[in-house]
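Structure first, then comments.
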Amino acid sequence: MSVFPATRLRRFRRTAPLRELVREARVDARDLVFPLFACPGQGVERPLEGLEGIAQRSVDRLCDEADQVHALGIGAVLLFGIPEEKDEAASGAYDEDGIVQRALRALREQVPELVLLTDVCLCEYTSHGHCGVVEDGEVANDLSLELLARTAVSHAEAGADAVCPSDMMDGRVGAIRGALDGGGFENVPIVSYAAKYASAFYGPFREAAESAPSFGDRRGYQLDPANAREALRECELDLNEGADALMIKPALPSLDVIAAARSRFDVPIFAYNVSGEYAMVKAASARGWLDERQAALESLTAIKRAGADVIVTYWAKEAAEWL
């Protein structure tokens, strides 16, 4: 007669209620952030081919979308802007009447309880599509800092709850912290894209934000995907400069970095479940190769399991309904 061990791990897997009772990592709608893309005009809703269900929206339509997001129990949105015009100085990024600034004021009035996060970068606003000022064919780190700081302050003035610099310029967190404090916005937190990799998974986003570089690439300032120790150095430097939270991007190829950051730093960890991750599952689901709901929730759960507190994801609305 066979003798089985006393420990049987399947006991708590037997039924759905038992599995739910002992679940270790949980995804909640309040932990999700939905990206929004603001564009000029009135009554504009421009679907994006590479991001099913996502669209560029004029401010009026953006407010309607934000209402739906809030009604689903999602806690926050992350704003990106598509300006009317672009130039080498990215002047639309810090214009007090810029597209993000107008969207912030409208959203603050219409959905006051929604947390408004803003992407602080220059790529959507520069004529060349790079994340900083270009001088002699190179992205000039130090010349870019003042413009990034001005952008962050303009967002705070317009009503942003937190600013999220994603440019990967050295020293930008310190420059932004100093500018915010000097402008009377010492209570506005900085969520730094501290570990942002030069990833192949950003393709659909560049269509959404109209931000593809016109020459070269961003490997000179974004992280090499092979480097984890360097990512943790970036996190530590940004915290020392005044960052209040860390963003790691892209999420799924960087689960090890999320886990390492969670074990090392006692600050909120954000992870960006990026456009390519979303588009792959959407495309596979459309071909009947996998179940979108299961794949999406498994992906989000993996990101939480790795240690992320907050997930920026294009699935936020659908996940809120599924959950």
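The values are calculated or read from the model by the stated rules, or taken from the named source; none is laboratory data. The structure displayed is predicted, hence computed values, not measured ones. Note: ideal-geometry Cβ built from the backbone for every residue, glycine included; neighbour counts use all protein chains shown. For accessibility, only protein heavy atoms count, side chains too; no ligands or nucleic acids. Shrake-Rupley method; radii C 1.70, N 1.55, O 1.52, S 1.80 Å.
Which one of Thr15, Gln42, Ser58 has its Cα pushed farthest toward the positive end of the charge dipole of segment 1-61, where Lys and Arg give +1 and Asp and Glu give -1 at the Cβ?
Working it through, the farthest residue towards the positive pole turns out to be Thr15.
Let me spell out the model: positive unit charges on the Cβ of Lys and Arg, negative unit charges on the Cβ of Asp and Glu, origin at the Cα centre of the chain. What dipole size does that give, in debye rounded to 20?
On the way: 34 positive and 52 negative charges, 461 e Å.
It comes to approximately 2220 debye.
Mind pulling the per residue volume of the convex hull built on the Cα atoms of the chain? Å³ is fine. Working shown, then result.
Numbers: hull volume 50.4 nm³, N = 323.
Residue-normalised Cα hull volume stands at 156 Å³.
Can you compute the helix-only [θ] at 222 nm over the chain? Use -39500 (n - 2.57) per DSSP H run of at least 4 residues, normalise by all residues, nearest 500 deg cm²/dmol.
Details: 12 runs with 128 residues, N = 323.
Helices in the chain give a 222 nm mean residue ellipticity of -12000 deg cm²/dmol.
Can you give the FRET efficiency for Glu157 and Phe4, using 1/(1 + (r/R0)^6), R0 = 56 Å, r = Cβ-Cβ distance, to the nearest 0.05?
0.25
Taking the Cα centre of segment 122-210 as origin and charging only Cβ (+1 Lys, Arg; -1 Asp, Glu), how large is the dipole, in debye to the nearest 20? Before the final figure, lay out the partial values.
Details: 5 positive and 14 negative charges, 51 e Å.
Taking the Cα centre of segment 122-210 as origin, the dipole is about 240 debye.
Given +1 on the Cβ of Lys and Arg, -1 on the Cβ of Asp and Glu, and no further charges, what dipole in debye does segment 15-75 carry about its Cα centre, rounded to the nearest 20?
Numbers: 7 positive and 11 negative charges, 33 e Å.
The calculation lands at about 160 debye.
What is the ratio of the Cα radius of gyration of segment 1-112 to 2.2 N^0.38 Å, where N is its residue count, to two decimals?
Working: Rg = 22.8 Å, N = 112, 2.2 N^0.38 = 13.2 Å.
Ratio of Rg to 2.2 N^0.38 Å for segment 1-112: 1.72.
Considering the Cα positions of segment 27-75, please state its Rg to one decimal place and its Dmax as a whole number of Å.
Computed over the Cα atoms of segment 27-75, radius of gyration and Dmax are 11.5, 36 Å.
Principal axes first, then extents: for the Cα atoms of segment 46-146, list largest minus smallest coordinate on each axis, whole Å, largest first.
So the three principal-axis extents are 49, 29, 21 Å.
Given all pairs of different Cα atoms, what value in angstroms does the Kirkwood hydrodynamic radius of segment 262-323 take? Present the calculation step by step, with values, prior to reporting the outcome.
Values: mean 1/r = 0.0807 Å⁻¹.
Taking the inverse mean of 1/r over all distinct Cα pairs, segment 262-323 comes out at 12.4 Å.
Within segment 96-197, what whole-number % of the accessible surface is contributed by carbon and sulfur, with the 1.4 Å probe and all protein chains included in the calculation?
In segment 96-197, the share of accessible area belonging to carbon and sulfur is 45 percent.
Restricting the count to DSSP beta bridges whose residues both fall in the chain, what percent are antiparallel, rounded to a multiple of 5? Walk me through the numbers before you get to the answer.
Working: 6 of 38 bridges.
Around 15 percent of the beta bridges assigned by DSSP in the chain are antiparallel ones.
With a 1.4 Å probe and all protein chains left in place, how much accessible area per residue does the chain have, in Å²?
46 Å²
So for each of 143-149, 182-188 I average, over its residues, the number of other beta carbons within 10 Å; can you give me the resulting order with the highest mean first?
Details: 143-149: 21.9, 182-188: 13.7.
Final packing ranking: 143-149, 182-188.
May I ask you to compute the full-extension gain from Glu24 to Arg219, defined as 0.36 nm times their residue separation minus their alpha-carbon distance, rounded to one decimal in nm? Write down the numbers at each step before the final one.
Values: separation 195, 0.36 × 195 = 70.20 nm, distance 3.66 nm.
Length difference between fully extended and current span is 66.5 nm.
Give me the compactness ratio for segment 39-105, meaning the Cα radius of gyration over 2.2 N^0.38 Å. Don't skip to the answer; put the middle values down first.
Working: Rg = 12.8 Å, N = 67, 2.2 N^0.38 = 10.9 Å.
Relative to the 2.2 N^0.38 Å estimate, segment 39-105 comes out at 1.18.
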